Amino acid sequence: MFAIAAFMVCAMASCSDKNKEKKTDADEDVTEQQTVQKDDARPDTDDDEAVADGVEVAPDDLWTEEAVADMLRRCYADVSTMFTPQPEGKELDIDLDAVYCTKHWNKVLHQVYELDGRQKRAEDCFFLEDGHWNCWLSGAVSPEHIKVNLLTGNMAEATFQLTHGEEWISMRVALDFEDGAWRIDDWLQIGDTGQSMLQDMEDYLNRNK
């Protein structure tokens, strides 16, 4: 059973209402077309102190905005298939977290589910229900207006609008390059709040040691 609580927190609290509101400055930024850096070559990691020794870095052909954007499109194509009724025998049965997220994300996520399973009251659980890959829980979703910021040889961030018909919500994710592919490591709040789904999960675990 797939099991991610991706992009809940504040951005997900009132999805339907926010979709109908006037776009904020952050939303306007997300709607810009994906930008292409003039110098998109992978930095010289020998001199890049931000990349630790032994950390896998993206090769030149994957050190591009388009490579990150393509991963997000494939991810949400599988999300859409998962939440869209399929003909018998054509259902998609994969662990989305295992395929598209980092090992660290999955480790923390599984620890959260183990703790949730020991809680006596549902309201004490971090995730009140499974499978928050999209806020509508049915039908196709698509990442649009993807804007990628390549950070170091193995890290990037992306903002985009996740659309579902005429509805949309602004998203921001942190990505790491791991096992030969870009993978999502965290869902981040749009704007300068610094809110992090991964940090929220880790704080939940620390509070209940």
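The values are calculated or read from the model by the stated rules, or taken from the named source; none is laboratory data. On a predicted model such as this, the values are computed, not experimentally measured, just so you know. Using ideal geometry, Cβ is built from the backbone for each residue, glycine included, and neighbour counts are taken over all protein chains shown. In case anyone asks, the SASA skips ligands and DNA or RNA and just uses the protein heavy atoms, side chains included. Shrake-Rupley method; radii C 1.70, N 1.55, O 1.52, S 1.80 Å.
Side notes on the structure shown:
- Looking only at region 67-90, residues that are open to solvent by 70 Å² or more (accessible area, probe 1.4 Å), more than 20 Å from N149 (Cβ to Cβ) and modelled with pLDDT of 90 or more come to 0 in all.
- Tabulated pairs, region 68-82, first within 19 Å of R172 (Cβ to Cβ), second open to solvent by 10 Å² or more (accessible area, probe 1.4 Å) and part of a helix (DSSP H, G or I), C-beta under 6 angstrom, 6+ apart or interchain: C75/Y100
- Residue within region 119-129 that is of a type in the set (A, V, I, L, M, F, W, C) and at pLDDT 95 or above present: no
- Against the test of being loosely packed, with under 15 Cβ neighbours inside 10 Å, in contact with a helix residue (DSSP H, G or I) (Cβ under 9 Å, 6 or more places away or on another chain) and β-branched (V, I, T), the options I190, I94, I146, I184 yield a single qualifying residue, I94.
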